Amino acid sequence: MIKPELLMPAGNVEKLKYAIKYGADAVYLGVVDFSLRAMRKGELITLDNLKEAIDTAHEMGAKAYLTLNIFAFNNDIKLLEAAMEKITQTSPDALIISDVGIMRLAQKYMPKTDIHVSTQANILNYEAVRFWQDMGATRAILARELPIKDVAVIKQKVPDMELECFIHGAQCVSFSGRCLLSDYMTNGERKANSGNCSQPCRWSYKLVEETRPGQYQEIVQDEKGTHILSTKDLCLVKHLKDMIDAGIDSFKVEGRTKSLYYVSAVAKAYREAIDTVMQNPNADMQPYFEELLKVGNRGYTTGFYLGEGYPKDGYSYDISKGLAGADFLCEICEKDEDWYRIKIKNKFYKNEDIEIISPSEKFITQVIEIKTLKGEELELANTNDDLWVKFAKAPIEYQYAMARTIGIKGGVNETQKCACGD
């Protein structure tokens, strides 16, 4: 088996670093105006610091792919052409593109840079892959609607083209992300294909009959709720061997708007799972699935990948926001002898047992002391506080360590269950 690349999202510079430290072989990142995700938090990646971000990835031993995958209008082309000199200087390993006009610009200004065709291009068959290969692309990011068996056929027919597939993360109810619902519901202010989707597929809807204005009725499907468009999140950790056997070159995780904890924990779970499968193809993947339950999710599904159409239980009827099986407690930032400076995300108490994860570790320990930056002793570490703590056992790789609650809240509940073909 050929070991696939683990490709993680880098929504900002900090997440880029954590994704790589926690196991990513490559990251994908975008800038405002030309990417399908609009970032709002952290040290945002812009044209001014794009080179620094890509250089950082390279220095850490990873590749960096730049997303230029909007559907471009004339004005977008003008803006992009004006920015191409700066983009050329950043030296990304590849450009992720869906628009053929942008592809022409890329080939004009960056002829030696690899081009990866975005999933937004809806690539579903080997002839489409051949077409993009003839156009000069080096990788096809396949549509999420493809079953694994079809991916295997594509690889057999076009063996010299790299194939990338999504393995984890939020899904869109539309076909490969091509959606106008957000544009319509926000009067054109939140355009999904310009990086600013308002996610109306996650909204709760009610029904009104036109002759009875103001009389709202819930839209109920199987008595499970009103989120009739909200899909569960993709999780293919139990099917890594099948995907490797199909010849997939890159495993992609969705989530440039997800939290630092999400990116780190998901990268760690898939890094360890991929390495395990490479050593033992028949290894039990359940422990890694349980790790993925500890991050935010709307319940998990295998999507279209098993080849039986989209599963009937693949929609998250009762929730729209992802719920995590473990609470992200703190990020560890600094060390002073036995004390660790932390940024609190969710409150915890002195003497509480917690779980620490780092790129190389995962263990349960106890919080034995808490104090303010001025040295005042505390019994409680409150959300958003900046404090010093002592642990009964401390992480070795503390610069990238974080803490969470122990176990999975409520076990594996009905919402989180995955139809994984077991």
Next on the checklist: Cβ neighbours within 10 Å, averaged per peptide: list 288-294, 373-379, 385-391, 134-140 in order, most packed at the top.
Outcome noted: 288-294, 385-391, 134-140, 373-379
Checklist entry - Hey, can you rank 325-334, 56-65 by average C-beta count inside 10 Å, highest first? => result 325-334, 56-65
Item to check | Sorted peptide list for 247-255, 274-282, criterion being average Cβ within 10 angstrom, highest first | outcome: 247-255, 274-282
Checklist entry - Glu369 versus Val208, label points 7 Å from Cα toward the beta carbon: distance in nm? => result 6.1 nm
Checklist entry - Which pairs break 21 Å Cα to Cα here: Lys51/Lys345; Lys17/Lys343; Lys258/Lys345? => result Lys51/Lys345
Next on the checklist: Given the options Gly247, Leu329, Pro311, identify the residue whose Cα lies farthest towards the positive end of the charge dipole of the stretch 231-370 (+1 on Cβ of Lys, Arg; -1 on Cβ of Asp, Glu).
Outcome noted: Pro311
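Just so you know, all these numbers are worked out from the coordinates, no wet-lab data involved. Just so you know, these numbers come straight off a predicted model, no measurement behind them. When we count neighbours, we look across all protein chains shown, and the Cβ atoms used for this are built from the backbone with ideal geometry, even at glycine.
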